[in-house]
Amino acid sequence: MFRGAYTALVTPFKNGKVDYAALEALVEQQIAGGIDGLVPCGTTGESPTLTDKEHDEVIAFVVKTVRKRVPVIAGTGSNSTAEAIDRTRHAKEAGADAALLVSPYYNKPNQRGLIAHFEAIANAVDIPQILYNIPGRSVINMNPETIAELAKHRNIVGIKEASGNLEQMIKVRALCPADFDLISGDDTITLPILSIGGVGVISVTSHLLPGETSKIVHSYLDGKIQESKNLFFKYNDLVKTVMGADVNPVGIKTALVLRKQIAEEYRLPLVPATAEAKESIRKQLDIHNLLSAPVAAGSAR
């Protein structure tokens with residue numbers, strides 16, 4: 001259902017508020033660049049520090065700006081099942097095409113609790129839903145058997161896998177129906193995930209490379225495997241530098257600041273990258289001629 005590359009959008013801030021002009025410019029740049037879809041209010045969008053009002057408004061704004069040109073997958077997860085249902089319901093009402101639901105963090109539910117959580121949301125809101133397994137942030141890992149059980153629900157259509165465990169992903173692919181989407185949640189292993197039956201990536205570095213990231217996926221899916229490999233390896237150092245410079249989204253926001261697309265602003269507890277990290281990102285952008293990218297209308301100056 002959701003093949004291709006989807007950008008996990010940053011949330012630009014300016015003077016303590018969401019910078020909607022910069023966000024609009026990013027959306028337009030992504031669509032013009034050839035991205036397959038957009039994901040507001042995920043990890044990269046600093047969703048934990050958005051107020052409930054901001055969270056709903058950012059999703060509605062992105063949906064309105066996109067105007068159905070590409071699918072919008074709204075980040076609506078929470079460690080509170082009731083809150084996740086409310087966010088998912090709002091995303092549907094706003095016109096989002098699907099919801100992305102992270103594993104409950106901090107609570108540390110067992111596998112039965114995970115099933116109950118996601119089934120409650122799927123039963124409450126009739127919209128395609130993508131599970132998001134990222135144990136590095138949520139502490140708990142969704143086991144392949146749990147994912148396979150949830151895949152039986154008609155509204156649960158795929159999983160964004162960011163566990164880094166390819167062995168687990170192979171088992172997920174083996175246990176789940178063929179039409180259940182396995183989506184990479186880590187730019188650094190998109191190619192390996194495609195090789196085991198993945199159909200796409202929810203990407204961070206596609207902010208810089210929307211068309212190229214989409215081509216990596218579609219070339220592989222179309223059988224042009226060497227073409228996909230060539231592109232993947234061409235940008236591997238850039239991807240590793242941006243993703244490894246600091247905790248996400250600090251690396252990608254730093255790159256966008258260097259390109260003058262957003263203001264350098266975070267919400268605590270996130271802080272700006274070190275001078276050394278900024279320089280490593282600047283060098284990679286320069287190598288790939290990405291520092292001189294044109295600034296879209298509405299971007300931060």
Check off (1) closer than 21 Å to residue 25 by Cβ; (2) in a helix (DSSP H, G or I) for residue 229 and give me the number that stays unchecked.
-> (1)
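Quick grid of which residues meet (1) touching a strand residue (DSSP E or B) at 6+ places or on another chain (Cβ under 9 Å); (2) assigned to a loop (DSSP other than H, G, I, E, B); (3) not basic (Lys, Arg):
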residue: 206; (1), (2), (3): yes, no, yes
residue: 215; (1), (2), (3): yes, no, no
residue: 220; (1), (2), (3): no, no, yes
residue: 238; (1), (2), (3): no, no, yes
residue: 251; (1), (2), (3): no, no, yes
residue: 256; (1), (2), (3): no, no, yes
residue: 270; (1), (2), (3): no, yes, yes
residue: 290; (1), (2), (3): no, yes, yes
Please work out which residue is surrounded by the most Cβ atoms within 10 Å (Cβ to Cβ), limiting yourself to segment 161-205 and to residues that are under 24 Å from residue 138 (Cα atoms) and hydroxyl-bearing (Ser, Thr, Tyr).
-> 203
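In segment 259-266, is there at least one residue being in a helix (DSSP H, G or I), of a type outside the set (Val, Ile, Thr) and touching a Ser or Thr at 6+ places or on another chain (Cβ under 9 Å)?
Here is the first cut: in segment 259-266, the ones in a helix (DSSP H, G or I) are none.
Looking for residues that are in a helix (DSSP H, G or I), of a type outside the set (Val, Ile, Thr) and touching a Ser or Thr at 6+ places or on another chain (Cβ under 9 Å), one finds none in segment 259-266, hence no.
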Output the residue which, of all residues in segment 38-57 that are buried (at least 23 other Cβ atoms within 10 Å of the Cβ) and touching a Gly at 6+ places or on another chain (Cβ under 7 Å), is farthest from residue 16 (Cα to Cα).
-> 39
Within segment 65-109, can you find the residues that are among the small types (Gly, Ala, Ser), in a loop (DSSP other than H, G, I, E, B) and either surrounded by fewer than 19 Cβ atoms within 10 Å (Cβ to Cβ) or at pLDDT below 95 (or both)?
-> 80, 95
Matching residues in segment 19-46 - criterion: being touching a residue at least 60 places away in the same chain (Cβ under 8 Å) and touching a Ser or Thr at 6+ places or on another chain (Cβ under 6 Å) = 22, 24, 25, 30, 34, 35, 36, 45, 46
Just to be sure, is residue 300 closer than 30 Å to residue 182 by Cβ, at pLDDT below 95 and surrounded by 17 or more Cβ atoms within 10 Å (Cβ to Cβ)?
-> no
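The values are calculated or read from the model by the stated rules, or taken from the named source; none is laboratory data. The structure displayed is predicted, hence computed values, not measured ones. We place every Cβ from the backbone using ideal geometry, glycine too, and count neighbours over all the protein chains shown.
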